[in-house]
1. For residue 149, all conditions in the list (1) open to solvent by 20 Å² or more (accessible area, probe 1.4 Å); (2) within 16 Å of residue 116 (Cβ to Cβ); (3) in contact with a strand residue (DSSP E or B) (Cβ under 6 Å, 6 or more places away or on another chain) hold save one; what is the number of the exception?
2. Having 1 or more residues that are of a type in the set (Val, Ile, Thr) is the bar; report the strands (runs of 3 or more DSSP E) wholly within region 120-225 that clear it.
3. Does residue 59 satisfy the condition of being more than 23 Å from residue 178 (Cβ to Cβ), among the charged types (D, E, K, R), touching a residue at least 12 places away in the same chain (Cβ under 8 Å) and more than 16 Å from the ligand (Cβ to nearest atom)?
4. What's the number of the only condition in (1) within 17 Å of residue 215 (Cα to Cα); (2) in a loop (DSSP other than H, G, I, E, B); (3) open to solvent by 70 Å² or more (accessible area, probe 1.4 Å) that residue 18 fails to meet?
5. Mind listing whichever residues of region 76-86 are away from the ligand (no atom under 16 Å from the Cβ) and open to solvent by less than 90 Å² (accessible area, probe 1.4 Å)?
6. Among the residues of region 176-190, is there at least one that is more than 14 Å from the ligand (Cβ to nearest atom), within 17 Å of the chain's Cα centre (by Cα) and loosely packed, with under 14 Cβ neighbours inside 10 Å?
7. Filter region 91-113 down to the residues that are open to solvent by less than 10 Å² (accessible area, probe 1.4 Å) and under 23 Å from residue 179 (Cβ atoms) and list them by number.
8. Have a look at 116, 24 and point out the one that is free of Cβ contacts under 8 Å to residues at least 60 places away in the same chain and either open to solvent by 10 Å² or more (accessible area, probe 1.4 Å) or more than 30 Å from residue 11 (Cβ to Cβ) (or both).
Amino acid sequence: MNKDYLSTIKTTVTEILDSIPDGVTLVAAAKTRLPDEVKAAITGGIKVIGYNYIQEAERLRPAINEPVQWHMIGHLQRNKVKKAVKLFDMIETIDSVELAQEVNKQCIAKDKIMPVLIEINSGKESNKTGVLPEKAESLTKQISSLSNLRVQGIMTMGPRFGNPEDARPYFKKTRSLFEQIKKSKIHGVEMRYLSMGMSNTYKIAIEEGANIVRIGTLLFGERFS
Ligand SMILES: *Cc1c(COP(=O)(O)O)cnc(C)c1O
């Protein structure tokens with residue numbers, strides 16, 4: 001793989017890490033990327049890799065020996081939960097009681113505790129995954145008692161716009177939902193993480209309170225597959 005390209009990834013990661021506030025975690029959204037690209041990002045300072053697909057993560061994980069954290073950021077199918085529990089340190093995309101119960105069951109089998117985020121469909125888009133904002137608090141309550149899950153915050157994609165500013169109202173709404181759930185002090189729930197913002201919107205998301213941003217294209221270039 002082209003050396004200049006790999007060093008560009010490293011430099012870009014370092015620049016972004018320098019530009020974001022302390023306390024904001026940059027997740028490298030690594031779908032379709034090769035081990036060398038992901039390693040270059042880690043050399044630049046990436047500590048968390050985000051994956052969308054189980055199959056890809058299964059292929060990549062053995063190739064990456066650096067001590068990084070792995071987050072599931074894609075939609076998780078129930079029949080893939082067993083593998084997901086083995087592969088990931090956090091699942092950012094819990095959006096139903098059934099999925100949470102399955103994750104809990106597989107965690108019990110592996111004697112593992114899984115930190116999770118609730119995925120919010122902040123744009124209420126019919127073709128998108130995530131729980132509707134008005135149902136987020138009750139979902140959090142329902143899964144808060146599952147023994148091997150730890151709800152630690154919420155995540156959203158939000159609608160895609162040509163103009164990143166158009167995403168701001170959705171980030172604002174997700175932030176206030178985050179605060180609302182935090183205030184309700186659900187037993188066992190610790191609202192620490194607000195994961196929102198991608199390549200074109202991460203700055204706005206940070207302004208609106210995000211402390212996890214998930215960036216792919218800006219680090220690795222356009223995706224061709
Ligand atoms: C791909 C992806 C991102 C990153 O998107 P970019 O626009 O490439 O930065 C963030 N979050 C999720 C869930 C993704 O699938």
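The values are calculated or read from the model by the stated rules, or taken from the named source; none is laboratory data. Being a predicted model, the structure only gives us computed values, none of them experimental. All Cβ positions, glycine included, derive from the backbone under ideal geometry; neighbour counts span all protein chains shown. Side chains included, ligands, DNA and RNA excluded: accessible areas come from the protein's heavy atoms. Shrake-Rupley method; radii C 1.70, N 1.55, O 1.52, S 1.80 Å.
1. Failed condition: (1).
2. On the way: elements: 149-156, 193-195, 212-215.
Of the strands (runs of 3 or more DSSP E) lying wholly inside region 120-225, those with at least 1 residues that are of a type in the set (Val, Ile, Thr) span 149-156, 212-215.
3. On the way: more than 23 Å from residue 178 (Cβ to Cβ): yes; among the charged types (D, E, K, R): yes; touching a residue at least 12 places away in the same chain (Cβ under 8 Å): no; more than 16 Å from the ligand (Cβ to nearest atom): yes.
Spelling it out, it is not the case that residue 59 is more than 23 Å from residue 178 (Cβ to Cβ), among the charged types (D, E, K, R), touching a residue at least 12 places away in the same chain (Cβ under 8 Å) and more than 16 Å from the ligand (Cβ to nearest atom).
4. (2)
5. Initial filter on region 76-86 (away from the ligand (no atom under 16 Å from the Cβ)): 78-79, 81-83, 85-86.
Of everything in region 76-86, those that are away from the ligand (no atom under 16 Å from the Cβ) and open to solvent by less than 90 Å² (accessible area, probe 1.4 Å) turn out to be 81, 85.
6. yes
7. So the first thing to find is which residues in region 91-113 are open to solvent by less than 10 Å² (accessible area, probe 1.4 Å), and the list is 91-94, 99-100, 103, 107.
91, 92, 93, 94, 100, listed by residue number.
8. On the way: 24 fails: free of Cβ contacts under 8 Å to residues at least 60 places away in the same chain.
It is 116.
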